[in-house]
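Peer 1: I have a structure I would like to understand better, so I am pasting it below and will then ask my questions one at a time.
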Amino acid sequence: QKEVEQDPGPLSVPEGAIVSLNCTYSNSAFQYFMWYRQYSRKGPELLMYTYSSGNKEDGRFTAQVDKSSKYISLFIRDSQPSDSATYLCAMSAPGYSSASKIIFGSGTRLSIRP
Amino acid sequence: DAGVIQSPRHEVTEMGQEVTLRCKPISGHNSLFWYRQTMMRGLELLIYFNNNVPIDDSGMPEDRFSAKMPNASFSTLKIQPSEPRDSAVYFCASSPAGGPSNTQYFGPGTRLTVL
């Protein structure tokens, strides 16, 4: 079983729709939860970051973490064609040094239809 | 800021040849990560360095792969000899000091094709 599971999609929705992207994980030591966005032929870029459980909102994006269920979500409101990309969930456990390993999901390909 | 710089951006080589990928992290960042991305396996961490010291190389697939970080501003990933199954996009990422490395900044990647 992979440490992080993510539906690869592809997911296609019309412009303006609410998008829900999800990941599950198995390692209860994970404390930091992230969503990265990757445009075609580019490197991933950090979109949102949450520590432990709860919600975090940034503009049209909301990240949710439910540690009891080992489940994280990213919601995109009023989706735009420019949101079309691959979204990777990622998570890490506290490390003993300033560097710690991040485990990435396989990514969900999202397409917003105009 | 220039961001993380990788070279070359594209590399096409023949099986058995040596390949060297290069990375310049963001100035002031003290952690550096090498990843490989394929459709089948997604984004895999190969190795990471903290203050130029390799911390975890458990993701390096086999002895054909080696990575060095001789100073804070330069790292290489070498594959010798290369094989067709090494074809992938290789990303370098760096992270600032002073906390968990969740904020990783990725370079544009090197697209490697081994014929």
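All of the numbers you see were taken from the coordinates with simple rules; none came from a lab. All figures in this text were calculated on a predicted structure; none of them were measured in a lab. Counting neighbours? That spans all protein chains shown, and the Cβs are built from the backbone with ideal geometry, glycine included.
Peer 1: Quick one: A:Q31 ticks every box in (1) under 16 Å from A:S92 (Cα atoms); (2) exposed (fewer than 15 other Cβ atoms within 10 Å of the Cβ) except a single one, so which number is it?
Peer 2: Failed condition: (2).
Peer 1: In region A:81-98, how many residues are aromatic (F, W, Y) and either in contact with an Asp or Glu (Cβ under 6 Å, 6 or more places away or on another chain) or assigned to a loop (DSSP other than H, G, I, E, B) (or both)?
Peer 2: Let us first name the residues in region A:81-98 that are aromatic (F, W, Y), namely A:87, A:96.
Remaining after also requiring either in contact with an Asp or Glu (Cβ under 6 Å, 6 or more places away or on another chain) or assigned to a loop (DSSP other than H, G, I, E, B) (or both): A:96.
Of the residues in region A:81-98, 1 are aromatic (F, W, Y) and either in contact with an Asp or Glu (Cβ under 6 Å, 6 or more places away or on another chain) or assigned to a loop (DSSP other than H, G, I, E, B) (or both).
Peer 1: Are there any strands (runs of 3 or more DSSP E) wholly within region B:1-91 with 1 or more residues that are hydroxyl-bearing (S, T, Y) and facing another protein chain (nearest Cβ under 9 Å), and if so which?
Peer 2: Per the criteria, B:29-38, B:42-50.
Peer 1: Could you pull out the residue among A:S92, A:S12 that is in contact (Cβ under 8 Å) with a residue 24 or more places away in the chain, at negative phi and loosely packed, with under 13 Cβ neighbours inside 10 Å? Step through it out loud before you land on a result.
Peer 2: Working: A:S92 fails: loosely packed, with under 13 Cβ neighbours inside 10 Å.
Answer to the selection: A:S12.
Peer 1: Which of (1) surrounded by fewer than 20 Cβ atoms within 10 Å (Cβ to Cβ); (2) in contact with a strand residue (DSSP E or B) (Cβ under 7 Å, 6 or more places away or on another chain); (3) within 13 Å of chain A (Cβ to nearest Cβ) is the odd one out, the single condition B:G107 does not satisfy?
Peer 2: (1)
Peer 1: Here's a follow-up. Can we say A:K101 is free of Cβ contacts under 8 Å to residues at least 24 places away in the same chain, within 11 Å of another protein chain (Cβ to nearest Cβ) and either surrounded by 13 or more Cβ atoms within 10 Å (Cβ to Cβ) or more than 28 Å from B:P54 (Cα to Cα) (or both)?
Peer 2: yes
Peer 1: Pick out the one residue from A:S82, A:S52 that is surrounded by fewer than 17 Cβ atoms within 10 Å (Cβ to Cβ), within 30 Å of B:N52 (Cα to Cα) and not aliphatic (A, V, I, L, M).
Peer 2: A:S52
The rows are residues; the columns are (1) under 11 Å from the mean Cα position of the chain (by Cα); (2) closer than 17 Å to A:K101 by Cβ; (3) free of Cβ contacts under 8 Å to residues at least 60 places away in the same chain.
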| position | (1), (2), (3) |
| --- | --- |
| B:S7 | yes, no, no |
| B:S27 | no, no, yes |
| B:S31 | no, yes, no |
| B:M69 | yes, yes, yes |
| B:S73 | no, no, yes |
| B:Y90 | yes, no, no |
| B:S94 | yes, yes, no |
| B:Q104 | no, yes, no |
| B:G109 | yes, no, no |
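Peer 1: Evaluate the following for A:Y25: is it within 11 Å of chain B (Cβ to nearest Cβ) and buried (at least 18 other Cβ atoms within 10 Å of the Cβ)?
Peer 2: no
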